[in-house]
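Enquirer: The structure's right below; bear with me while I get my questions together.
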Amino acid sequence: MDNLTKEQRHKNMQNIKSKDTKIEVQLRKALWAKGYRYRKNDKKLPGKPDIVLGKYKIVIFCDSEFFHGKDWEVLKPRLEKGTNPEYWVKKIENNRRRDDEINKELTFEGWTVIRLWGKDIKNKLDECIKVIEDIIWEQKMEEAEDEDWK
């Protein structure tokens with residue numbers, strides 16, 4: 001059951017941003033402070049990734065738990081009992097399907113895709129940065145091995 005009126009819910013939903021969210025800004029500031037340079041919301045790439053580390057061919061998406069269906073097996077039954085279940089289940093399933101398609105498309109184009117949950121960015125920022133840096137380190141090691149074979 002929704003605790004808000006229809007008008008309150010409408011206003012709330014209108015204020016949800018698609019870019020420059022708090023979690024995106026928080027992650028970008030941390031990356032910038034570590035010396036990583038990036039593009040944001042690159043329209044040339046599928047899904048307009050939130051952060052693009054072009055030098056490393058890494059794209060990062062900062063996903064909210066609700067709209068991208070974290071723990072879908074738990075969330076879906078809750079939504080089915082709530083207000084307007086057909087709409088919300090369909091919407092989130094479509095988001096999840098689109099996320100998978102975008103991941104495949106970007107991977108096919110040679111990009112490394114990282115998807116981070118909003119609460120992880122908010123509460124475990126250092127761990128999120130470490131995930132990114134570990135991937136960068138792996139890429140550098142592979143490049144070094146390739147150079148050794150030449």
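The values are calculated or read from the model by the stated rules, or taken from the named source; none is laboratory data. Remember, predicted model here, so these are calculated numbers, not experimental data. Don't worry about glycine lacking a Cβ; one is built from the backbone with ideal geometry, like all the others, and counts go over all protein chains shown. Accessible surface areas use protein heavy atoms only, side chains included; no ligands, DNA or RNA. Shrake-Rupley method; radii C 1.70, N 1.55, O 1.52, S 1.80 Å.
Enquirer: In percent, how large is the relative contact order of the range 21-140, given Cα pairs closer than 8 Å and 6 or more residues apart?
Expert: Once divided by the residue count of the range 21-140, the mean separation gives 29 percent.
Enquirer: If you look at just the Cα atoms of the chain, how large are its Rg and its Dmax in Å?
Expert: 18.0, 66
Enquirer: Give me the distance in nm between label points sitting 7 Å out from Cα along the Cα-to-Cβ direction at Lys29 and Lys11, one decimal.
Expert: 2.7 nm
Enquirer: Ratio of the range 103-150's C-alpha Rg to 2.2 N^0.38 Å, to two decimals?
Expert: 1.46
Enquirer: For the chain, give the percent of accessible area contributed by carbon and sulfur heavy atoms, probe 1.4 Å, rounded to a whole number.
Expert: 51 percent
Enquirer: Further question: Simple spin-label model, 7 Å along Cα-to-Cβ: Lys130 to Glu101 in nm?
Expert: So the two model labels end up 3.6 nm from each other.
Enquirer: Another question, then. Among rounded, prolate and oblate, which fits the range 24-104 when a ≥ b ≥ c are the square roots of the eigenvalues of its C-alpha gyration tensor, a/c under 1.5 means rounded, and a/b larger than b/c means prolate?
Expert: It is prolate, given that a/c is not under 1.5 and a/b is the larger ratio.
Enquirer: Subtract the Cα-Cα distance of Lys119 and Met141 from 0.36 nm times their separation in residues, and report this length gain in nm to one decimal.
Expert: 4.9 nm
Enquirer: Working out 0.36 nm times the residue gap between Arg37 and Glu86, then minus their Cα-Cα distance, what length gain in nm do you get to one decimal?
Expert: Value of the extension gain: 13.5 nm.
Enquirer: Whole angstrom only: what separates the Cα centroid of the range 61-83 from the Cα centroid of the range 114-150?
Expert: 27 Å
Enquirer: Roughly how many debye, to the nearest 20, is the charge dipole of the chain about its Cα centre, given +1 on each Lys and Arg Cβ, -1 on each Asp and Glu Cβ, and no other charges?
Expert: 1020 debye
Enquirer: Something else now. Might you tell me the accessible area per residue for the chain, computed with a 1.4 Å probe and given in Å²?
Expert: For the chain, the solvent-accessible area averages 71 Å² per residue.
Enquirer: Rounded, prolate or oblate: which one fits the range 71-150, using the alpha carbon gyration tensor with axes a ≥ b ≥ c (rounded when a/c is under 1.5, else prolate when a/b beats b/c, else oblate)?
Expert: The shape class here is oblate.
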